[in-house]
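Okay, so here's the structure we're looking at.
The values are calculated or read from the model by the stated rules, or taken from the named source; none is laboratory data. For clarity, every value in this text was computed on a predicted model and none was experimentally measured. Cβ coordinates were reconstructed from backbone atoms using ideal geometry, including for glycine residues, and neighbour counts include every protein chain displayed. Heavy atoms of the whole protein, side chains included, go into the accessibility calculation; ligands, DNA and RNA do not. Shrake-Rupley method; radii C 1.70, N 1.55, O 1.52, S 1.80 Å.
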Amino acid sequence: MTLALSGKEVGTGLEEKFPGSIVESSQDSILVKSEFLLPVATYLKDTPELDFNYLASVTAVDYYDYFEVVYHLTSLPHNHSLVLKTRCYGRDNPSLPSVVSLWRGADYQEREVYDLMGISFTGHPNLKRIFLWEGFEGHPLRRDYL
Amino acid sequence: MAIRTEPFVINMGPQHPSTHGVFRMRVTLDGEVVIDLEPVFGYLHRGIEKLVEGRTYTQIIPITDRLDYAASMSNNLAYVLAVEKLAGIPVPERAEYLRVIMAELQRIASHLLGVGSFLNDCGAFFTPFMYMWREREKIVDLFDMVCGQRLTYNYMRIGGVSHDVPDEFLVALDKFVKSMPHFIDEYDQLLAENEILLVRSKSVGILPKELAINSSASGPVLRGSG
């Protein structure tokens, strides 16, 4: 069974490496500031003892005051996992850096988040709707889409 | 001497004969080799997440049946496990055993359906499919006994299952479990040296291990890459 790493322990290490990057860390997950998303993700992927080579899912939650994007990471060599979260604010054009350059698997997942939640991912090679058609208005999984 | 051809773009689907989960592919071909492929999704997008926003937790269970008609039990289970984890609801031990039995039977049935239709699509029309279907039918009969449904079971409940299994279920299950290894050998004989299958699947479309991991491939696709 895959071991879920403590967000607190990994978060402490990250805070030393990237001061000010962690908003909060709990047993279940780590919440990072969005401007640190890419360096933190790169560190999680490239550090041998962490080695998160597999991105299981990218999803988003609309808390109305902000959007939270959740990354489920797994390391196949170490058989451990971690939940990484970040937030973006504003409902007109919320935006986050894309992690496609690290994990190609994020390509369709970020397109799905863009399509249904309306979050842009800067640096994504082909950010367009994935389920709905071009020209569809709105992002249906948002709380205020009725 | 190899003949050079100009690459050309062809549209496959959404009304392709292999319409299991309808989607469309814009395929760029150079002769018989696929050099680029752009998948176009959304033909089966039903907005289930939005649909369930306005429903109670128990009302969502039958909707999970319809996420994948070949894995209703597994989808039921994944959903009720999430709700139980959120709400801290315990499950009786007997129900846990029943859930595992159902999920495992569903997994076997789903694999039989998957392998059978894969061979169909490879051109081994319907003979292997019927062999697989024979055993899948027995599993579907078992599910029919426990919940009266053959496809959309709605069997799991938050905190357990809808009801206990009838007496004849365990007898039929025992018979099925004892007979299955024999049928696996039979599939192996039929397929492991099947010319159609080998020609169409061996050394075709190789996905290297590192790329498979980086692309978040999962299940049989990831295992197939080593």
On the accessible surface of the protein assembly as shown, probed at 1.4 Å with all protein chains in place, carbon and sulfur together account for a percent value of 57 percent
For the range A:118-124, in residue order, the Karplus 3J(HN,Hα) values (coefficients 6.51, -1.76, 1.60; θ = phi - 60°; whole Hz; Gly and Pro = x) are x, 9, 8, 10, 6, x, 6
Note: B vs A interface, total accessible area buried (1.4 Å probe; ligands, DNA, RNA excluded), nearest 100 Å², is 1500 Å²
Checking rank on A:1-12, B:63-74, B:161-172, B:181-192, with mean other Cβ inside 10 Å and highest first, the result is B:63-74, A:1-12, B:161-172, B:181-192
Taking A:Y89, B:Y43 and ranking on accessible area (1.4 Å, protein atoms only), highest first, one gets A:Y89, B:Y43
Restricted to pairs 8 or more residues apart or on different chains, the lysines in the protein assembly as shown with C-alpha atoms under 16 Å apart form a number of pairs equal to 9
Averaged per residue, the 1.4 Å probe accessible area of chain B, protein heavy atoms only, in Å², is roughly 62 Å²
Measure of exposure for A:E68: accessible area at 1.4 Å probe, Å² rounded to 10, is 10 Å²
For chain B, the longest principal axis of the Cα atoms and the Cα long axis of helix B:72-87 enclose an angle in degrees, to the nearest 10, of 60 degrees
Computed over chain A: longest principal axis from alpha-carbon atoms vs helix A:37-46 long axis, angle to nearest 10 degrees, is 50 degrees
Note: probe point = Cα of A:Q27 + 7 Å toward Cβ; backbone nitrogen < 19 Å; residues of the range A:64-80 passing the test are A:80
Expressed in square angstrom to the nearest 10, the accessible area of A:R129 with a 1.4 Å probe stands at 30 Å²
Among chymotrypsin sites (Phe, Trp or Tyr not before Pro) in the range A:1-64, those in a DSSP loop whose Cβ has at most 14 other Cβ atoms within 10 Å are A:Y63, A:Y64
Output field shielding_mean for B:206-219 (other chain Cβ, 10 Å radius) holds 4
Result for the range A:65-146: accessible area per residue, probe 1.4 angstrom, in square angstrom, of 47 Å²
Contact-by-burial set, the range B:21-53, min loss 20 Å², accessible area of protein heavy atoms with 1.4 Å probe, reference chain alone, gives B:E38, B:P39, B:F41, B:G42, B:H45, B:E49, B:K50, B:E53
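First measure r as the distance between the Cβ atoms of B:E84 and A:T2, then evaluate 1/(1 + (r/R0)^6) with R0 = 25 Å and state the FRET efficiency to the nearest 0.05.
On the way: r = 20 Å, r/R0 = 0.78.
It comes out at approximately 0.80.
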